[in-house]
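**Q** Before I ask anything, here is the structure I am working with.
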Amino acid sequence: MAMVQDKSHLGKILAAHAGLIAFLLLTMFPFLMIVSISLRPGNFASGSLIPDTISFEHWKLALGFSYTDASGRLIAPPFPVLHWLWNSVKIALITASVVLLLSTTSAYAFARLKFRGKELGLSALLLVQMFPAVLSLIAIYAIFDEIGNYVPWLGIDSHGSVILAYAGGIALHIWTIKGYFDTIPAEMEEAAIVDGASHFQAFWHVLLPMALPILCVVFLLAFIGAIIEYPVASILLHQEQNLTLAVGSKLYLYEQNYLWGDFAAAAILSGLPITLLFVVAQRWMVNGLSSGGVKG
Amino acid sequence: MYAIDWRRIGKTAGVVLTLLALWLVFGIYRAGHPWLASGGLAFLAASAALFSWQRAYAWRYLYPGIVAILVFIVFPALYTMRIGFTNYSSSNLLSFERATAYLMDQTCTSGGDPLKLQLLHRGQRFELVLQNEEGGAWHSAAIALAADKPQTLSLTAGGDPAAGEQVPLRDLIALQPALRSLTLNVPGLATPYRLNSLTSFAPAAPLYRRNTDGSLKNLQTGDVLRPNFQTGFYQTAAGANVQPGFRVDVGWKNFVRLFGSAELQAPLMRVFAWTVLFAGLTVLITFCIGFALATVLSWEALRMRTTYRVLLFLPYAVPGFISILIFRGLFNENFGEINMVLHALFGIRPNWFSDPLLAKSMLLIVNSWLGYPYMMLLCLGLIKSIPSDLYEASAIAGATAWQNLTRITLPLILKPIMPLLIASFAFNFNNFVLISLLTDGRPDFTDSLVPAGTTDILVSYTYRIAFQDSGQNFGLAAAISTLIFLLVALLSVVNLKLMRVNAQDKR
C-alpha cells in the first residue's frame, strides 16, 4: 500500500511489531512449553515453567532405552513409540506410492485426453472430496471385518486394511497434478507422438520428467496425510504393537496413567520431522490450498 | 528410443493380472458367495473390454483411479447409508446364515456318564485314554492335535493311563481348543462324545434340528424356533428372542427413532445445535484473526514480514494429533501448565474438562489456534491480487487506513473467499479429530437418557454410538451419518454454485 507518510508512521510500525510479537508469544507458548516439559524430571508439573534441573529421562524412554530413577528403580519405556513411528512411516510410504500412481494416470487423462463427461468428472471429484472418510467409518469397519474372515491380512487390525482404506483419497491430488499438467505445453508430447511414440511413451518419457516437482509434492502430501490420519486408523487398529503414531499417542494422556513428560519427548521426536516435511511441501501447495483443501 | 518393448510388457502384465483376478473370483465362489463371484466376473469382463477397446483409450488411464474412488470412497459412503436401514448392532451382528450356523453348532449333554480323560504323550503325537466310573477304559490311536481341523475318532476298548508319560495340566489347558474340536465314537454307545469340561468327555448331541420350513426344533425341550425377519431374532412360540440375533432390514425405523422418540431426539437436537455453533464460530474467529494478520503482513513498510509469516504459519504445519494432545495436557485441570499460569496470575483454576461452557470455549480456543494460519495464507494471497491503483486513488482522496480496509480490501476479498469459508465450515462441521482427541465429547449431559456429550458434534456422537457404547448400535449411528451426508451435500451444492458464479465474474 503506497501511503502518504506522516509523523505517526514510526509509531504505527512499532505498534505493529509489538502486536505481532505478543501474538507470536501466545501462539508459540505450547511449543516452548512442550520442550521445557520434555526436559523436566517427572511426569507432573513441578512448579516452574522453565525447569530448574534438566533431565533426559523422557528422551531416553522415547528413544526406547530404559533408565534408572533416583530411587534405583529401573523404568522401561511405557510405549513402543519408535515402533509406532515405523508403522506410520510404512503405511504412509505404501499409501503415498499407490496414491501417486493412481492420481497421476487419472490426472493425465483429465489434462490431455479427450473423453465424454470430462467436465462432469472434474466437478464430481470436487464433490467427492467434500465427504470425509470419517462419515463412512461404520461401513469401513463392517467391510474390513467381513474381508478379514477370508483374507486375514486385510482384516481388522492389519496394516493392509488401513492402506486400502486410504487408497481412495486421490480426488484432490488429481486436481493438483492436472493443474500442473495444464501449465506444461502439450507441443513436446505432440512432437513425440508425430515421431512415432505411443500415448503411453509420450506420457512416460516426455511429460512425467517435466512434472517431477509436482509428483514429489503430491507424494509428500499423501505421505503426510496418511501419517496424521486418525479416525480410520483408530477403528481399524487395536493391538498396541499395530498402532500408528496418531492412534498410539493418545494412550499417554489417560487420567489413570498420565505420562505428560514422556508424551512431550515422544511428541517432539515424532512431530518435528513431519512438521519440517510439511513446511517444505506447503511452498508448492498454495495453489492446492486455494482450491479448497483443508488439512486436518 | 529404449530397447524395452513397453507394449509387450503391458500385455503380459494384463494377462497376469487377469489370471490373478480370475483366481480371486474362483476363490470367492469356493468360499460360498456365488452372487459376489458372478459380480466380480462381470466387473472383470468389463475391465478387460475397456482395456482392449481402442476407442476407450482415455479410460485406460482413468480406470485405476476412478475404481479406487468408487470402491474406497463412494461405496463405503453408500454402504453406510444402507446400514442406516438395518438393525446392525452388537446384538444383531451376524448374518442370518451365520446366526443359524451358530445355533446348529450348539450341543447339549444328553445324559449319559461322562468319561475322564487322560492325555498321554506318544512322541510328537498324543493318545487319549478315557475311563468311566465303573472302571471301563477306552483309548484312541496316537493322533496329532490341531484346533483348526475337527476330527472324529473311533475309540477301541482297553487302555492304561499309566502306560505313558502324562501331559501336564499346563499343556492340557493349552490344548483345549484342539480337544474341543474332537468328536469321539465310543464302541457300543450311539451318541458321540465331546469335551464338556477341562478333563472329561460327555455324550453330546446337537441341540437343534432344522425343519424343512426353516424353523429349528430344540431337541431337548421340543420348542420350535422360527426366524423373525422383522426383529432379527429366532423366536420361540411364546415370542422370546434367542441369541444371537441377525441383521435384517428395519426400513425407516432408525430414522423414526431419531426424530420420534424423546430420549434420542433431545440429545440429537442439542448436539446438532452445538455442531453448527462450533463450526460457525470457528470460521468466524479464524477468519477474523487470519484477515487481521494478513492485512498487517501486507503492509510494505513493515520489516521482517517473511520471518513473521513463517512463524505464524507453524501451528498449521504441526501434525494435528500432536498439537491437540499437547493442548489436552496443557489444559489439564490439575497438572496443566495453563492452570498453573492462571493460578499464579489471577488465582483461578478453571475446570476446562468438567464444565460444559469452559470445555466448549477450550475447543474454540484450540481450534482457532489450529485454523488461523490457513485463513491468513488465503487472505494474504487474495490481498496481493487487489490492484494497487485502488489504494493510490483512495490515498489521493484522503481515505484513512480503516476506510481502506472496510471499503476496499474487505469487500473485494469477501466474494472469492466465500466458497473457501463454506468449505472450512464443512470441514469443521465434521472435525472429528479435534473433539475425539481433546474432550472425547465430554462432559456428558446429566439429564439425558442415552449417553451424549455436551461437546459432542454430530460425527463424534455417531462414533460414540457405533464404537464406544456397549450397544454398538451401528444401524442407528449410520442413520445419523446419512443425515450428515445430506447436510454436507447441501453445503457442497451451495459451494459449487458460488464457485461457478465467481468463475463467470472473472471472465
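The values are calculated or read from the model by the stated rules, or taken from the named source; none is laboratory data. Given the structure is predicted, the values throughout are model-derived calculations rather than measurements. Please note: Cβ atoms are built from the backbone with ideal geometry, for glycine as well, and neighbour counts cover all protein chains shown. Side chains included, ligands, DNA and RNA excluded: accessible areas come from the protein's heavy atoms. Shrake-Rupley method; radii C 1.70, N 1.55, O 1.52, S 1.80 Å.
**Q** Only one of B:Leu169, B:Leu130 is more than 30 Å from B:Asn228 (Cα to Cα) and either open to solvent by 30 Å² or more (accessible area, probe 1.4 Å) or among the basic types (Lys, Arg) (or both). Can you tell me which? Break it down stepwise before answering.
**A** Working: B:Leu130 fails: either open to solvent by 30 Å² or more (accessible area, probe 1.4 Å) or among the basic types (Lys, Arg) (or both).
Exactly one residue qualifies, and that residue is B:Leu169.
**Q** Oh, and also: Can you tell me which of B:Ala56, B:Ala144, B:Ala157 is hydrophobic (A, V, I, L, M, F, W, C), over 30 Å from B:Ala479 (Cα atoms) and open to solvent by 70 Å² or more (accessible area, probe 1.4 Å)?
**A** It is B:Ala157.
**Q** Further question: For the condition open to solvent by less than 60 Å² (accessible area, probe 1.4 Å), in contact with an Asp or Glu (Cβ under 9 Å, 6 or more places away or on another chain), polar (S, T, N, Q) and not assigned by the TED database to the domain that holds A:Ser270, what is the one hit in A:Ser36, A:Ser55?
**A** Details: A:Ser55 fails: in contact with an Asp or Glu (Cβ under 9 Å, 6 or more places away or on another chain).
Result: A:Ser36 is the single residue among A:Ser36, A:Ser55 that is open to solvent by less than 60 Å² (accessible area, probe 1.4 Å), in contact with an Asp or Glu (Cβ under 9 Å, 6 or more places away or on another chain), polar (S, T, N, Q) and not assigned by the TED database to the domain that holds A:Ser270.
**Q** Another question, then. Can you name every residue in segment B:326-362 that is over 33 Å from the mean Cα position of the chain (by Cα), of a type in the set (Lys, Arg) and within 11 Å of chain A (Cβ to nearest Cβ)?
**A** Hits for segment B:326-362: nothing passes.
**Q** Take the residues in segment A:174-201 that are within 11 Å of chain B (Cβ to nearest Cβ) and open to solvent by 50 Å² or more (accessible area, probe 1.4 Å); name whichever of them is nearest to A:Leu237 (Cα to Cα).
**A** Ranking the qualifying residues of segment A:174-201, first place goes to A:Phe200.
**Q** Looking at segment A:234-264, which of its residues are more than 24 Å from A:Phe56 (Cβ to Cβ) and at the interface with another protein chain (Cβ under 10 Å from one of its Cβ atoms)? Give the derivation first.
**A** Residues of segment A:234-264 more than 24 Å from A:Phe56 (Cβ to Cβ): A:234-244, A:246-247, A:250, A:254-256.
A:Ser234, A:Ile235, A:Thr244, A:Ala246, A:Val247, A:Lys250, A:Glu255 - these are the residues of segment A:234-264 that are more than 24 Å from A:Phe56 (Cβ to Cβ) and at the interface with another protein chain (Cβ under 10 Å from one of its Cβ atoms).
**Q** Condition first: touching a Gly at 6+ places or on another chain (Cβ under 9 Å), facing chain A (nearest Cβ under 8 Å) and more than 21 Å from B:Leu414 (Cα to Cα). Now tell me which residues in segment B:267-325 satisfy that.
**A** B:Pro315, B:Tyr316, B:Val318, B:Pro319, B:Gly320, B:Phe321, B:Ile322, B:Ser323
**Q** Which numbered condition in (1) more than 8 Å from every other protein chain (Cβ to nearest Cβ); (2) under 22 Å from A:Ala142 (Cα atoms); (3) surrounded by 14 or more Cβ atoms within 10 Å (Cβ to Cβ) is the only one that B:Ala68 fails?
**A** (1)
**Q** When you scan segment B:455-480, how many residues do you find that are within 23 Å of B:Ser354 (Cα to Cα) and touching a strand residue (DSSP E or B) at 6+ places or on another chain (Cβ under 9 Å)?
**A** 4
**Q** Looking at (1) under 27 Å from B:Lys360 (Cα atoms); (2) surrounded by fewer than 22 Cβ atoms within 10 Å (Cβ to Cβ), which is the only condition B:Arg328 fails?
**A** All conditions are met except number (2).
**Q** Sort through B:Leu449, B:Leu458, B:Leu421, B:Leu498 and tell me the only one that's buried (at least 22 other Cβ atoms within 10 Å of the Cβ) and either closer than 26 Å to A:Ala142 by Cβ or in contact (Cβ under 8 Å) with a residue 40 or more places away in the chain (or both).
**A** After ruling out the rest, the residue left standing is B:Leu458.
**Q** Then there's this: Find the residue count for segment B:71-99, including only residues that are more than 13 Å from every other protein chain (Cβ to nearest Cβ) and surrounded by fewer than 20 Cβ atoms within 10 Å (Cβ to Cβ).
**A** Matching residues across segment B:71-99 total 2.
**Q** Moving to a separate point now. Run B:Ala174 past the list (1) within 39 Å of the chain's Cα centre (by Cα); (2) open to solvent by 70 Å² or more (accessible area, probe 1.4 Å); (3) modelled with pLDDT under 80; (4) over 21 Å from B:Pro203 (Cα atoms) and report the number of the one that doesn't hold.
**A** Among (1) within 39 Å of the chain's Cα centre (by Cα); (2) open to solvent by 70 Å² or more (accessible area, probe 1.4 Å); (3) modelled with pLDDT under 80; (4) over 21 Å from B:Pro203 (Cα atoms), the lone unmet condition for B:Ala174 is (3).
**Q** Name, by its number, the condition in (1) loosely packed, with under 14 Cβ neighbours inside 10 Å; (2) on the phi < 0 side of the Ramachandran plot; (3) at pLDDT below 80 that does not hold for B:Gly135.
**A** (2)
**Q** Across segment B:409-436, what is the number of residues that are farther than 19 Å from B:Ile289 by Cβ and of a type in the set (Phe, Trp, Tyr)?
**A** 2
**Q** Okay, next question. Has segment A:100-112 got at least one residue that is of a type outside the set (D, E, K, R), modelled with pLDDT under 90 and over 22 Å from the mean Cα position of the chain (by Cα)?
**A** So far as segment A:100-112 goes, no, none of its residues is of a type outside the set (D, E, K, R), modelled with pLDDT under 90 and over 22 Å from the mean Cα position of the chain (by Cα).
**Q** Something else about it: Can you tell me which of (1) more than 45 Å from the chain's Cα centre (by Cα); (2) surrounded by 12 or more Cβ atoms within 10 Å (Cβ to Cβ) is the one B:Ala162 doesn't meet?
**A** Failing condition for B:Ala162: (2).
**Q** Identify, from the list A:Ala171, A:Ala111, the residue that is of a type in the set (Gly, Ala, Ser), open to solvent by less than 50 Å² (accessible area, probe 1.4 Å) and in contact with a Phe, Trp or Tyr (Cβ under 7 Å, 6 or more places away or on another chain).
**A** A:Ala111
**Q** Only residues that are under 17 Å from B:Thr80 (Cβ atoms), more than 7 Å from chain B (Cβ to nearest Cβ) and open to solvent by less than 40 Å² (accessible area, probe 1.4 Å): list them for segment A:114-146, please.
**A** A:Phe144 - this is the single residue of segment A:114-146 that is under 17 Å from B:Thr80 (Cβ atoms), more than 7 Å from chain B (Cβ to nearest Cβ) and open to solvent by less than 40 Å² (accessible area, probe 1.4 Å).
**Q** Has segment A:170-184 got any residue that is farther than 25 Å from A:Lys118 by Cα and outside any helix (DSSP H, G or I)? Write out each step before concluding.
**A** Of all residues in segment A:170-184, those farther than 25 Å from A:Lys118 by Cα come to none.
Checked against the condition, which is being farther than 25 Å from A:Lys118 by Cα and outside any helix (DSSP H, G or I), segment A:170-184 yields no hits at all.
**Q** Restricting to segment B:201-232, name every residue that is over 42 Å from the mean Cα position of the chain (by Cα) and surrounded by fewer than 16 Cβ atoms within 10 Å (Cβ to Cβ).
**A** Matches in segment B:201-232: none.
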